[in-house]
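Worksheet for the structure shown next.
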Amino acid sequence: MKVAIIHDWLVTFAGAERVLAEIINIWPEADLFSVIDFLTPKDRLKINGKFATTTLIQKLPKAKKRYQSYLPLMPFAIEQLDVSNYDVIISSSHAIAKGVLTGPDQLHICYCHSPIRYAWDMQNQYLKEASLDKGIKNWIARKLLFNIRNWDHRTSNSVDYFVSNSDYIGRRIKKVYRRESDTIYPNVSVSDFSLTKEKEDFYLTASRMVPYKKMDLIVRAFAEMPDLKLIVIGEGPQFEKVKLAATSNVTILGYQEFDVLRDHMQRAKAFVFAAEEDFGIIPVEAQACGTPVIAFGKGGALETVIDGKTGIFFGEQNEQSIKEAVRRFESDFEFNPVAIRQHAERFSTERFRAEFKAFVDNKCADFFEFRKSK
């Protein structure tokens with residue numbers, strides 16, 4: 001059985017790439033395909049040293065740093081990848097990977113991190129954050145996204161089975177593609193984190209500093225609570241904006257190596273998370289340390305945090321809602337680090353490998369038995 005694995009793009013090593021790495025670990029002989037591949041040597045080791053077969057976009061000007069500006073070209077590019085000699089195609093898709101062309105004698109399983117967020121329900125937010133919400137640029141961008149939506153919906157028909165990374169994304173798949181999906185939560189390296197029962201007197205937030213992560217919102221909320229200490233880890237396009245919002249009780253550490261992040265995560269009294277994520281790996285990592293999470297109560301966090309047991313939710317993405325949740329945590333929340341750690345173990349890497357391999361093996365058995373009978 002020849003297996004091809006398709007990923008959207010290989011530029012950084014984030015949540016989707018962690019899932020990709022485990023899919024490769026399950027099928028190490030599989031061939032890898034992607035729109036572009038600019039992984040660093042260090043990150044490439046995490047995918048067994050594989051290099052992807054790429055598309056024409058790989059050689060376009062500034063593709064490494066400005067690859068997202070080539071989004072209108074990506075549907076065409078992904079369809080040029082030739083996977084016709086493979087029996088099974090596994091796409092790891094949050095944008096365009098699932099659009100690879102497959103035939104009736106090939107089984108295509110899509111692990112869907114999300115339908116293209118900025119083309120569907122997050123379109124208006126994306127246009128605003130990209131300063132494309134006014135004038136002629138707005139109309140051009142809307143037309144391009146309209147075309148991508150049409151392509152995205154059409155190509156969903158070439159997928160035999162969808163696997164969603166959360167029930168939340170399963171509902172999005174149902175709404176956008178009118179398709180059912182099975183939820184298999186992504187892998188979290190729970191074993192990389194140790195339970196720490198004794199916590200120190202500071203809160204922690206950590207993420208890439210991009211608009212939807214709302215890091216500046218968390219910092220502004222703590223700026224209005226000078227009696228509480230916040231430590232911020234991360235870098236990104238909004239770093240200066242976040243830094244400007246910081247007051248004396250907020251420490252901005254910028255990018256830190258994993259060991260530093262883990263150390264702070266283990267010692268923090270709580271981890272604060274304000275993004276609306278499809279799943280959200282980092283809140284689970286915090287819980288693996290026995291650290292409770294104060295999270296925005298929407299999206300994947302509703303499936304990874306147990307309100308009142310492993311953390312608490314706030315209802316709005318604004319400073320007041322965060323402040324109220326933190327004050328409630330300070331006065332009312334009693335947590336058990338051991339129970340929080342046990343909850344996080346539900347999302348382990350070993351569990352992902354077993355569940356996803358069993359899913360693919362079962363679908364392969366059914367598909368190829370049916371094909372043989374014909």
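What number goes with the only condition from (1) modelled with pLDDT under 95; (2) outside any loop (DSSP other than H, G, I, E, B) that residue 95 does not pass?
The failed condition is (2).
Conditions first: (1) surrounded by 24 or more Cβ atoms within 10 Å (Cβ to Cβ); (2) at pLDDT below 95. Residue 298 passes all but one, so which condition is the exception?
Against the list (1) surrounded by 24 or more Cβ atoms within 10 Å (Cβ to Cβ); (2) at pLDDT below 95, residue 298 comes up short only on (1).
From 166, 131, grab the single residue that is small (Gly, Ala, Ser), out of contact with any Cys (no Cβ under 7 Å at 6 or more places or on another chain) and either touching a residue at least 12 places away in the same chain (Cβ under 8 Å) or under 22 Å from residue 97 (Cα atoms) (or both).
Being small (Gly, Ala, Ser), out of contact with any Cys (no Cβ under 7 Å at 6 or more places or on another chain) and either touching a residue at least 12 places away in the same chain (Cβ under 8 Å) or under 22 Å from residue 97 (Cα atoms) (or both) holds for just one of 166, 131, which is 166.
Within the stretch 327-343, identify whether any single residue is β-branched (Val, Ile, Thr), without any contact (Cβ under 8 Å) to a residue 40 or more places away in the chain and either under 30 Å from residue 94 (Cα atoms) or assigned by TED's automatic domain parsing to the domain that holds residue 170 (or both), and answer yes or no.
Looking through the stretch 327-343, none of the residues is β-branched (Val, Ile, Thr), without any contact (Cβ under 8 Å) to a residue 40 or more places away in the chain and either under 30 Å from residue 94 (Cα atoms) or assigned by TED's automatic domain parsing to the domain that holds residue 170 (or both).
Can you tell me which residue in the stretch 98-138 is nearest to residue 276 (Cα to Cα), limited to those that are among the hydroxyl-bearing types (Ser, Thr, Tyr) and modelled with pLDDT of 90 or more?
Once the filter is applied, the top-ranked residue is 114.
Please enumerate the residues belonging to the stretch 1-47 that are within 24 Å of residue 80 (Cα to Cα), surrounded by fewer than 16 Cβ atoms within 10 Å (Cβ to Cβ) and within 15 Å of the chain's Cα centre (by Cα).
Hit for the stretch 1-47 is 12, nothing else.
Wholly within the stretch 234-348, which helices (runs of 4 or more DSSP H) include no fewer than the required count, namely at least 2 residues that are of a type in the set (A, V, I, L, M) and either farther than 17 Å from residue 223 by Cβ or under 22 Å from the mean Cα position of the chain (by Cα) (or both)?
The helices (runs of 4 or more DSSP H) meeting that bar are 258-267, 281-288, 301-304, 337-344.
Might you let me know whether the stretch 145-164 holds any residue that is in the same structural domain as residue 21 (by TED's automatic domain parsing), surrounded by fewer than 18 Cβ atoms within 10 Å (Cβ to Cβ), charged (D, E, K, R) and under 24 Å from residue 356 (Cα atoms)?
Scanning the stretch 145-164 turns up at least one residue that is in the same structural domain as residue 21 (by TED's automatic domain parsing), surrounded by fewer than 18 Cβ atoms within 10 Å (Cβ to Cβ), charged (D, E, K, R) and under 24 Å from residue 356 (Cα atoms).
Those residues that are assigned to a loop (DSSP other than H, G, I, E, B) and surrounded by fewer than 19 Cβ atoms within 10 Å (Cβ to Cβ), I need them from the stretch 51-88; list them, please.
If the condition is that a residue be assigned to a loop (DSSP other than H, G, I, E, B) and surrounded by fewer than 19 Cβ atoms within 10 Å (Cβ to Cβ), then 51, 60, 61, 62, 79, 80, 82, 84, 85, 87 are the ones that fit.
The values are calculated or read from the model by the stated rules, or taken from the named source; none is laboratory data. Note that the structure is predicted; figures quoted are calculated from it, not measured. Quick reminder, even Gly has a Cβ in these numbers, built from the backbone with ideal geometry, and neighbours come from all protein chains shown.
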